[in-house]
Every structure is written in C-alpha cells, then in structure tokens.
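Below is one structure, written out as structure tokens; comments come after it.
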Amino acid sequence: MFENLDQSQLIVLATLAVSLLLFVTDALRYDLIAALIVLVLALSGTLTPEQAFAGFADPAVVLIASMYIFSRAVNRWGLAELIAQTLLGGGRRKTSEGFLAFRVTAVSGLLSSVLSNTGVVATLIPVLSSLSRKLKIPVSRLLIPLSYGSLFGGLLTLIGTSTNVAVNGQLREMGATPLGLFEFSGLGLVLLLAGSLYFLGPGRLLLPNKRQGETLTEHYQVPKFITEVLVEPSSTLMNRTVAEAPQFHGQGVGVLGIVRPGADTILAPGPYNRIRSGDVLIVQGEPEKLVGLRKELGLRERKSVEVDGTRLDSGDVQLVEAVLPAGSPLNDRTLAETDFRARTGINVLAVSQHARVQPTKLGHVRMHVGDSLLLQGHERDIERMRASRELLILDELDLAPFGRGAMLTILILGAVLAAAAFGLADLAVAALAGATALVLTGVVRPDDASRAVDWSVLLLVGGMLALGTAFESHGLSSIVSESLLQFGSATSSPHFLIGLFLVSTIVLTQLTTNVTAGVIMVQVAVESARTLAIDDRAFIMAVVSGASMAFMSPVAHQANTMVVGPGDYRFRDFLRVGAPLTLIVTALEIVILPLMWPITKL
C-alpha cells in the first residue's frame, strides 16, 4: 500500500504517526500537539503557510467559539441547572435508581444537543452530587450515565459537539455536501434512547458503588495528616501572625484553625491572624514534618482533633469537595505555581487523582482535568471560587430566579437555530451574530466571553483540519480507502462496510481524540464512497457517530475525564460499563444506518 509514496506523503504519514503516539501516551497537551502539526506541515513545505493556517480561520472554529459563549450564558443564568433539576425532580420525590440513571442520561443528552458536552457535564456534576446525597444514592451510580448521555447528545444536532463541526469543515474542504443542522437528529435520538435504556437495565448492574457511607474527611484520609498543637508561653510563635511564621511554609504545613480559650474558634485563619499563648493550632502536614515543627517551635501535641465536625467547618467556614473542569486555568499546574492559597483564601486539604488520594505535598501536585479536591474556606471565598469556575464546587446550588438574562439567552439561541434551519444564514455566521448579541445585551460580559472559550479545543480543531488538508491533498485518503475496500472486497454487504468505518473510528477515538478520529476517517469514508460510486451519507454518519462513542476509556473524551474524580472511578470502570454499551450501539447502527441512509449508486 505504501511502496511508492513520495516525500510529501511520507512527511504527512510520519506527522500523523507521531501525533497519534503523542496522543496515546499523553506526552503533550492536545493543543500543543496540534500547533506542532501545523508547524511541521508548514516548515516542511508539505502545505503552504496559507493552507496550514486556514484551519484556524475555518467557519468550524468560529462556530465552536460562538457556542462556548452560549454555554457561558446558559451557565451564568442557571438555565441548565433549572432544566436539570426540573426534569430530574431535584430529590423532592423518591425514585428508583435505575429510572434516575435513565433520566440523567436522557437529560444530559438533550442539553448537549445545543451546548458543549463538557459544559453540560460541568453544570450537572454539582446538581447530581446534591441529588445523590438527598436520595442516598452513590454519585458513582450517576456520573457515568451523565458523561455517556452528553456524548450521545452530541449526535442530536450539528452543533452538539466540536467533532461534528470539525468533520463538517473537512467535508467542505473535500467538496462533499456539508451536514445539515438536524440531518442526523433521528439517529441521535435512537442512540440516546438506547443508551438511556441501557442504564435502566443491564448497564445499571455494571455501575460501581463508591464512597458509600463515607464522609468527606474519611474519603480524603484527613485524620492521618491533621493534628492539634498547643502554643506555650516559651514558643517562638508568641504574638506572631500566621504569615510571620515561615516555618509553617518551609515545612509544607498549613494552619487550618486557631482554637482560643474563652473565645470563638478561628477557622481558615488569614495571614494577619495573630497567635497567642494558650492557643491550640489545628495544623495539616506530613507526620514527620509535624514532629519536626513541634520541636522547632516549642509546641506540644494535643489529641482532641475533630476532623468530621466543628473543628474544620463551622459558622461561615465550609468544608466542600470540588473538581477541576475542562478549560480551568489550574489544569496542568500546581497549587504553588498558581499561588492558590494567597489568591483565593482557601485551604486545599487533599487532592484525589484517579481515585488515589494525595493528602501531602499538595503545593507540588500537578493537577489535571477530573482531579477532585477537598477545600476549606470562608463562605465568601467558596462562593467567589464557584463564580470563577476555576473549580466546580460539589454542593447544593441555590438557583437564581428566572430573569431577563435567561429569557434573552433562550430567544437568541432559538433565533440562531431557526436562521440556520431555514437557510436564512450560514450556521457559523448565525452563531457568531448570536454570540455578539449576548455580549451587546449584557447577558455575557465581554471578559467572560473570552474566558468562556476553550482555546485549546480551537487549536486542536484548527490543527486537525490542517492535517486533514494535507492528508487529502496528497492523495493519502485515496490510498487508505483502497486498502480498506480491498479488505472488505470479500463481501459487498453495505452493513459490513458501514461496520468497518464505524469500528475503525471507534478504535481511533479511544486512542487519540474524537476530533482527530473524525477528521481523518471522514476523508477515507468519502473517498471510499467515490471509488464505489455510491452515496456517501451512511459512511459519513458511521464516522460521525463512531467519533462520539468514547465510552471505554476515561481519557477518550474530556466529559469522561471530568467525572473521574467526583465519581472515584478507575479505568476498569469505564471499560466494564462502556464495552457492552459500545457493542450494543455498534450492532444497532449497522442495522439502522443503511435503512436511514440507503446506499444507492450515483
């Protein structure tokens, strides 16, 4: 197949192979990989600079950025939470666990049809965390249905996921007929129903039970790393402020509270709280560091720490769990690098990564999407963190009343969808006009609009479109297409060919990203249809749907990654729940795709 390749074709294949290796090993961030792809293709002369950078100016990029701003408006005005709590019942009435999982999958899917997958997951994680406590259902029984539902929802409309938009951009580049806004909604609804029924039946039996009966402090192993020390008159801490005690910071020890005889306990003390004789300090750190600190500062250990109750949270000081969402500025950084404590006033008591708790050396832990954290802070600081969305706070949220902002968001979004559906304006143009209207009417603040956009996704889409252009312009999609058709030449069954593209895309999605899988495989699908002189729609739909079926790995899609921490999931949980679902949906699609898009000769 690759015997007579020219230099440009070899460069494109080598770029693809190295990028796949980097994606699989997670050696670099996705956006950085995409930027390197563009540079390699431009510097090697494989693409002209104009061709290499054209992906970043593609209407797909504009459309994705615009929809992020709509997601910000929906989140700011509590629309998604309001819809979810209304449809899920808000815990006001008892419901069966299976039916709740069914509704979670369906609701997240419907919301994801017009909002980003990750935005919906970020919005509903706190809602489901609160709901699980009210109904006494482990949250691990709800978050995988949430994530999978959001992936199914991406198949309801063209704007449901960045992958659809990127694939559409590639179709335009190849001269194929672009996808319509609601062209595959029927398929999406069938698959969403199948996924929801899966969690009503066999899928529910495969969901893990995690953290049953555990308090937050027990789950994060807080008692092992917190103690009380008495400040005696001879201590060098006498009359110093917390900030004036460099020994605390040098030893990596945090002061979580000051218990003062005859006075109120000071929890989450600020840097200017002064330490007095007779104070009992609640401190956190590694056991050996605490021992050394006691000796150095003349402190005596006390044995009355109460980490589950009034000692760590009381009055306006809260003990809450949070998760790192996609697009957070804390991603791939440490607490020390972001100066988190000084900047936010919040103590981080422990971090959980891939279901493994890290309660020590927290300042040097490099955090990633899906990590969960145990926080202690004053209510005002917690609320400020909630508004910033650097971290998602997993406690009950009081919804703002439905007002002008929510109404304008619905009206403008409806106008965008109507304009695109009736052909009054190009979808990207309509979406950009709608996003601009949100800013001009004050629904979204200008600075919020720029922060709402996940620039890493835009870089990924632009880079993959450049790779797709190189792949197609140098004839590689035709070469791969011929090889696949030779492999499938033993049978002329359209079901076999559809299954071939579907399975190939699913496998590539688990290994790389859904955008990468969609952009590369749609080229092969279109070229195969042209070679066979048949309608390409069924093949394209196999690729589009396969790129959304990232069910078997927590890193196959950011929606999966975001629920790992709060759900306390392991890799095997996604494989156990996702593999049967993938087989069921694949078999269903092989049957229905030729019925919905008959494979006819052109």
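Computed over neighbours whose Cβ is under 15 Å from that of MET596, the net charge equals -3, Lys and Arg +1, Asp and Glu -1.
Between GLN358 and VAL351, SER352, GLN353, the built amide H atoms are under 5 Å apart, and every one of these is 5 or more places off in sequence or on another chain. Judged by the mean number of other Cβ atoms found within 10 Å, the most tightly packed of the peptides 333-346, 556-569, 189-202, 446-459 leads the ranking 556-569, 189-202, 446-459, 333-346.
Across the range 163-170, coupling constants 3J(HN,Hα) worked out from phi with the 6.51/-1.76/1.60 Karplus curve, θ = phi - 60°, read 5, 4, 5, 5, 4, 5, x, 5 Hz, and Gly and Pro carry x.
Taking the chain as the region of interest, the number of lysine pairs whose Cα atoms are within less than 18 Å, with members eight or more places apart or on different chains, is 10. The Cα atoms of the range 356-477 define a convex hull whose projected area, averaged across directions, is 13.3 nm².
Computed over neighbours whose Cβ is under 15 Å from that of ILE520, the net charge equals -3, Lys and Arg +1, Asp and Glu -1.
Sequentially through the range 526-540, phi angles give Karplus couplings (6.51, -1.76, 1.60; θ = phi - 60°) of 5, 4, 5, 5, 5, 4, 7, 6, 10, 5, 8, 5, 5, 5, 4 Hz, Gly and Pro residues having no value and appearing as x. Each Lys and Arg adds +1 at its Cβ and each Asp and Glu adds -1 at its Cβ; summed about the Cα centre, the range 456-587 shows a dipole of about 300 debye.
When shorter helices are ignored and each DSSP H run of at least 4 residues is given -39500 (n - 2.57), the per-residue value for the chain at 222 nm works out to -17500 deg cm²/dmol. Computed extension gain for TYR272 through LEU440, at 0.36 nm per residue and net of the alpha carbon distance, reaches 56.2 nm. Compared with the dominant Cα axis of the chain, that is its longest principal axis, helix 427-440 is turned about 30°. Residues whose amide H lies under 5 Å from that of TYR220, counting only those 5 or more places away or on a different chain, are absent; hydrogens are built 1.01 Å from N in the peptide plane.
Computed from point charges on the beta carbon alone (+1 for Lys and Arg, -1 for Asp and Glu), the dipole magnitude for the chain about its Cα centre is near 1580 Debye. Largest accessible area first, the residues LYS210, LYS136 order themselves as LYS136, LYS210 under a 1.4 Å probe with ligands, DNA and RNA left out.
The angle between the Cα long axis of helix 455-473 and the longest principal axis of the Cα atoms of the chain comes to about 20 degrees, rounded to the nearest 10.
Compute the relative contact order of the chain as a whole-number percentage, counting only Cα pairs closer than 8 Å that sit 6 or more residues apart in sequence. Computed value for the chain: 20 percent relative contact order. Each of the peptides 101-109, 434-442 was scored by the mean count of other Cβ atoms within 10 Å over its residues; in descending order, highest first, they stand as 101-109, 434-442. Using a probe radius of 1.4 angstrom, the carbon and sulfur fraction of the accessible surface of the chain is 61%. Relative to the 2.2 N^0.38 Å rule of thumb, the chain has a C-alpha radius of gyration ratio of 1.06.
Remark: the range 104-121, residue by residue, has Karplus-estimated 3J(HN,Hα) of 4, 4, 5, 5, 5, x, 5, 5, 6, 5, 10, 10, 5, 4, 5, x, 5, 4 Hz, where x stands for each Gly or Pro and the curve is 6.51 cos²θ - 1.76 cosθ + 1.60 at θ = phi - 60°.
Treating each Cα of the range 327-380 as one equal point scatterer and applying the Debye formula with no solvent, the log10 of I(q)/I(0) at q = 0.27, 0.28, 0.31 Å⁻¹ comes out as -1.22, -1.28, -1.43.
In this structure the chain gives 40 Å² per residue of accessible area when probed at 1.4 Å with all protein chains present.
The values are calculated or read from the model by the stated rules, or taken from the named source; none is laboratory data. As the structure is a computational prediction, the values presented were derived from the model and not from experiment. Ideal geometry is used to build each Cβ from the backbone, glycine not excepted, and the neighbour counts take in all protein chains shown. Heads up: the accessible areas ignore ligands, DNA and RNA and are worked out on the full protein's heavy atoms, side chains in. Shrake-Rupley method; radii C 1.70, N 1.55, O 1.52, S 1.80 Å.
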